[in-house]
1. I need a count of the residues in segment 64-123 that are in a helix (DSSP H, G or I), of a type in the set (D, E, K, R) and open to solvent by 40 Å² or more (accessible area, probe 1.4 Å).
2. With the requirement that a residue be open to solvent by 10 Å² or more (accessible area, probe 1.4 Å) and touching a residue at least 40 places away in the same chain (Cβ under 8 Å), what does segment 43-62 give you?
3. Testing Ala62 on (1) farther than 14 Å from Leu41 by Cβ; (2) modelled with pLDDT of 95 or more, one condition comes back false. Which one is that?
4. Let me spell it out: the conditions are (1) aromatic (Phe, Trp, Tyr); (2) modelled with pLDDT of 90 or more; (3) outside any helix (DSSP H, G or I), and Tyr57 meets all of them except one. Which number is the exception?
Amino acid sequence: MTVQFTPDRLAHSDDPEVSKITAISLSGTNTERVMHIVVDLLDELGPQTPAELEHVYRSRAAVNDWPMVAFYSVHKRVSQMKKHIRIVEGTGVREGGAERLRLTTEPLKAHGKITAHMQGGDE
């Protein structure tokens, strides 16, 4: 079953309140854009933890005109990319208590899967 992620469905009902606020703060377009940026960062930098991706995103956002996102928003998109779209997987290497993640497919295919997922279809 494919889930259409709309601003009111980007968090699970049992998620903490901060996750729900983070989800609401992103439009579907910005949510998708953040995921595409994460793909590009993983392609450029290699395996990263969610915290490392969040840090790089925040340090580059203003210079690159990326969407301003709530705290932990990048973490949430990485989780979505891993659990729902399945284009990110753990490497088995832990850093600072979290597992480093890598792409499961080539970047171009990952971008296509993100777009298909956000449009409510499967690829």
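The values are calculated or read from the model by the stated rules, or taken from the named source; none is laboratory data. What you see is a predicted model, and the numbers here were worked out from it, not measured in a lab. Cβ sites come from the backbone with ideal geometry, for glycine too, and all protein chains shown count toward neighbours. Protein only, heavy atoms only, side chains kept; ligands, DNA and RNA dropped before computing areas. Shrake-Rupley method; radii C 1.70, N 1.55, O 1.52, S 1.80 Å.
1. Matching residues across segment 64-123 total 5.
2. Answer for segment 43-62, where residues must be open to solvent by 10 Å² or more (accessible area, probe 1.4 Å) and touching a residue at least 40 places away in the same chain (Cβ under 8 Å): Asp43, Gly46, Pro47, Gln48, Pro50, Ala51, Glu52.
3. If we test Ala62 against (1) farther than 14 Å from Leu41 by Cβ; (2) modelled with pLDDT of 95 or more, just (2) comes out false.
4. So the condition that Tyr57 fails would be (3).
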